[in-house]
Amino acid sequence: MTTSTELIESPDTAVGFGFAEIAYLIRRFDTEAARKSSQVLRLEEEVRSDPICIAGSSSLLGRGFAGVDDELELEGPAVPVAYALSKAVRWSEISLVDGEKTDTVVHVESDKVSLLMQPRTLGTWFVFAQDPDVDGADAELFLIEEHRQTHPEGTAFIRVKSISGEDHLLIRPDGLGWAVGKVIDPTKDVEEITGLDTAGLLTRIRATRGETK
């Protein structure tokens, strides 16, 4: 089964999906990106489970996110979510840490659709569409700056994955600016660069994403 590139319209607001629904959306498409999405979202066993995926397809049908015309066809917000998960070229796990908890956002980017996915209770996910007019690195910087405004001492950790490899970046406030670091050798301290302004931080995020601009 292939993904359609037509009529892909991202939801304007957050849409909730259960883990069985996400598993079914991933399983529909036999692509390397779909398999990677199952790894990143930690749903590999669920994607392989017939009962879970049947439950997911039934739930999508019941919610009006799918219809039946000879076979099950996706509708509404399920279309861009399935497209992004099966066509993604980059997955960024963004952990936003404060003194009490860690919030995680998974940034899934494909050629036509980019999504921000946030895990919630009982295996559910809130899915937000990234504004197509906003660059992916800028969207991630916005999340980190917003986290700092709420938690002035809060830190962040970005792990960027592609089909061929991955990279990471540790981020913390440094005075009015930022410090970033990488774990080059697990037996040694983090190698840090301090005194970065916002533009410097953005440059480091882009480098972690494999971008040069």
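Given a Förster distance of 35 angstrom, what is the FRET efficiency for Asp197 paired with Glu32, based on the Cβ-Cβ distance and rounded to 0.05?
Between Asp197 and Glu32 the formula returns 0.40.
In nm, what is the difference between 0.36 nm times the number of residues separating Lys112 and Glu145 and their Cα-Cα distance?
Full extension from Lys112 to Glu145 adds 9.3 nm.
Does the chain classify as rounded, prolate or oblate by the C-alpha gyration tensor (a ≥ b ≥ c root eigenvalues; a/c under 1.5 gives rounded; else a/b over b/c gives prolate, otherwise oblate)?
prolate
Compute the projected area of the convex hull of the Cα atoms of the range 130-187, averaged over all viewing directions, and report it in nm² to one decimal place.
Result: a mean projected hull area of 5.6 nm².
Using the beta-carbon distance between Lys101 and Thr13 and R0 = 25 Å, what value does 1/(1 + (r/R0)^6) give for FRET efficiency, to the nearest 0.05?
About 0.55, to the nearest 0.05.
What is the packing order of peptides 54-63, 87-96, taking the mean over residues of other C-beta atoms within 10 Å and listing the highest first?
Result, highest mean Cβ count within 10 Å first: 87-96, 54-63.
For a protection proxy built on the mean count of beta-carbon atoms within 10 angstrom, sort 195-203, 181-189 highest first, please.
The most tightly packed comes first, giving 195-203, 181-189.
In whole Å, what is the distance between the alpha-carbon centres of the range 42-67 and the range 181-201?
41
Values quoted throughout were computed directly from the atomic coordinates according to the rules given, and no laboratory measurement underlies them. The shown structure was predicted, so the numbers you read here are calculated from the model rather than taken from an experiment. With ideal geometry, Cβ positions are generated from the backbone for all residues, glycine too; neighbour counts draw on all protein chains shown.
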